[in-house]
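Participant: Got a structure here, written out as structure tokens. Questions coming.
The values are calculated or read from the model by the stated rules, or taken from the named source; none is laboratory data. What you see is a predicted model, and the numbers here were worked out from it, not measured in a lab. Cβ coordinates were reconstructed from backbone atoms using ideal geometry, including for glycine residues, and neighbour counts include every protein chain displayed.
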Amino acid sequence: MAFRAASTIEFSGISKRFGGVVAVDDLTFTVEPGVVTGFLGPNGAGKTTTLRMLLGLVRPTSGSATFGGSAYHELAQPLSTVGTALEASSFHPGRSARNHLRVYAAAAGIDDGRVANVLKTVGLVEFADRKVGGYSMGMRQRLGLAFALLGDPGVLVLDEPSNGLDPEGIRWMRGFLRALADDGRTVLISSHVLSEVQQSVDRVVIIRRGRSVFQGSLDALETGSHVAVDAADRAGLARVLLTAGGVVDEVGGMLRVTGIDAIQVGELALSAHLPLRHLATEHVGLEDVFLDLVGDPERSGETP
Amino acid sequence: MIRAIRSEYRKLTSTSGWWILLLILVGYVGFTAALLAGLFGALGEQLAGTQGAPQLDSESLPPIIYSTTTAIGYVFPLILGVLVVTSEFRHQTLTPTFLATPRRWRVLAAKLVVLFGAGAVYGVAGVLGSVGLGAPILALTGNDAAIDSGETWLLLARIVLAMAIWAVVGAGIGALIPNQIAAIVVVLAFTQFVEPILRFAASIWAWTADVGKFLPGAASDALVGASFYTTLSPAAATATLEWWQGGLVLIGIATTFAAAGAMTSWRKDVT
């Protein structure tokens, strides 16, 4: 595919206040070409507002967001530079999918031939002349994606693209995103469910209440493992492990140790003559790390 | 800009709203023109023989009949303009629209251009209705339908122009009042209730008439040069603008609304 050069997305110190409420608070991160970057956070964390500021739909209170140094409104060919699918509701219900795409192809100076092309890519050809008002959520998501692909852009920004898709659709989306990144495009997708994007993203940026709480690879996020250990003399064992430089917590009638691996723990216990009752390495699930990071005691529901 | 205009044209023609409104306009205007032509055409002679009755000479009859297009039909392009702009807010299509054309003023300007054209089409269709039904009935009742007169054709051209400007006024109102229901209520309340009362009240004294002639409906009637409202109410005839002044007032109203909308709701965050 001969799309325009993929550019790097840069958010620098971007903030948005709605009245007295700080929705996005001094976010700084970059999104590189050739990988899928997940933009994660619970509902209401400020993901959509951040993306809308990137796209010039919402004016930031301070800071900036650019594509290879240019703000969205400065792009000469916006739809051919950045493809966007924001939510599955921005359609006139009385207009057909084909006409919906033709309207924006005209606005962006994109050849009408592309319309049939992207309809085929997302599998909507046979429904293309039906009014969008009768579409299912999954079909709307696909039409949103078709709009994003219209200009064959090097950068894709997708807000909750898996929302409303059935399991088969989610798998299709996963393969699709992978193929786009493998082409060398810049792909940024947001989600409030880590497990939904876990298999498609390479890098993650996690925000909570408008602030960044983690940026890095999924592997870096996953290094959270610890040793669960117990002995008859639990206090004695804890002292030994602490002196050896471990971080020790008593959780669920057992010691949870980080900073020392299971083999070392065993050796330390042996040399201190403390017989063990339990020794195991426990991996923390990604989802647990995620929930820990964004941890809000009362989790909100599905509605954005 | 050409791209934005083409996009707006596709938006307008790819939903059914525009032609439904158009059909109602033609039916409504045609019916009213036929009714008035039949009524006045038949009554003309009797009125002439009755002392104190409003006098209608045969020459003033065709303009009254044909101008029903604007006199009662101007609300249709006005509503079309309102709908075109407010449906972008209502269906949240401003998001893809501003993504495709990030320079927002271009979108609004393209809408005004396309609506001016659509309003002109409404004008032509309305004229086909009012002349198409009014003229044969005038002829049947023994009056001169004046179809071959240059005056009539100039009148029809001014009707088309007025209808075109009304659609632009509607777009300006839509940009200023993005809530679709609120905008339609305001437009209907003003055109069907507030303005007729104001125009009537203004016609009582000379100084109020000087103010009242700047009301949009009065300006439109001045631009067209005929309306059965003004012709049949002698007092209101005391103060009217020249036709070109009426046109300028109407254009002024349209651009004021559009500019005010462009600086307020059109610039807001799209969430």
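Participant: Of the residues A:Gly216, A:Gly236, only one is closer than 30 Å to A:Leu279 by Cα and not hydroxyl-bearing (Ser, Thr, Tyr); which?
Facilitator: Of the residues listed, the single one that is closer than 30 Å to A:Leu279 by Cα and not hydroxyl-bearing (Ser, Thr, Tyr) is A:Gly236.
Participant: Picking from B:Phe116, B:Phe98, which residue would you name as being within 14 Å of chain A (Cβ to nearest Cβ) and either touching a Cys at 6+ places or on another chain (Cβ under 9 Å) or not aliphatic (A, V, I, L, M) (or both)?
Facilitator: B:Phe98 is the lone residue from the list that is within 14 Å of chain A (Cβ to nearest Cβ) and either touching a Cys at 6+ places or on another chain (Cβ under 9 Å) or not aliphatic (A, V, I, L, M) (or both).
Participant: Check the stretch B:135-145 and report whether any residue there is of a type in the set (Ser, Thr, Tyr), assigned to a helix (DSSP H, G or I) and farther than 27 Å from B:Ser265 by Cα.
Facilitator: no
Participant: Also, I was wondering about something else. Return yes or no: is A:Val103 within 9 Å of chain B (Cβ to nearest Cβ) and either part of a helix (DSSP H, G or I) or crowded, with 22+ Cβ neighbours inside 10 Å (or both)?
Facilitator: yes
Participant: Hey, another quick one. Only residues that are loosely packed, with under 14 Cβ neighbours inside 10 Å and either free of Cβ contacts under 8 Å to residues at least 40 places away in the same chain or under 28 Å from the mean Cα position of the chain (by Cα) (or both): list them for the stretch A:124-133, please.
Facilitator: A:Val125, A:Glu126, A:Asp129
Participant: Right, next: Looking at A:Thr50, A:Thr84, which one is of a type in the set (Ser, Thr, Tyr), within 11 Å of another protein chain (Cβ to nearest Cβ) and crowded, with 22+ Cβ neighbours inside 10 Å?
Facilitator: Being of a type in the set (Ser, Thr, Tyr), within 11 Å of another protein chain (Cβ to nearest Cβ) and crowded, with 22+ Cβ neighbours inside 10 Å holds for just one of A:Thr50, A:Thr84, which is A:Thr84.
Participant: Now for a different question. Among B:Phe89, B:Phe116, B:Phe76, which is the only one that is surrounded by 17 or more Cβ atoms within 10 Å (Cβ to Cβ), over 23 Å from the mean Cα position of the chain (by Cα) and among the aromatic types (Phe, Trp, Tyr)?
Facilitator: B:Phe89
Participant: Something else about it: Please state which one of A:Val187, A:Val204 is outside any helix (DSSP H, G or I), among the β-branched types (Val, Ile, Thr) and under 21 Å from A:Asp288 (Cβ atoms).
Facilitator: A:Val204
Participant: Can we say A:Pro93 is within 11 Å of another protein chain (Cβ to nearest Cβ), farther than 23 Å from A:Val213 by Cβ and in contact with a Phe, Trp or Tyr (Cβ under 8 Å, 6 or more places away or on another chain)?
Facilitator: Here the answer is no, as A:Pro93 does not meet what is asked.
Participant: Let me ask something else. When residues of the stretch A:175-195 are filtered for being surrounded by 15 or more Cβ atoms within 10 Å (Cβ to Cβ) and at pLDDT below 85, how many remain?
Facilitator: The number of residues fulfilling the criteria is 2.
Participant: Name the strands (runs of 3 or more DSSP E) wholly inside the stretch A:1-82 in which the number of residues that are charged (D, E, K, R) is 1 or more.
Facilitator: Here the list reads A:9-18, A:21-31.
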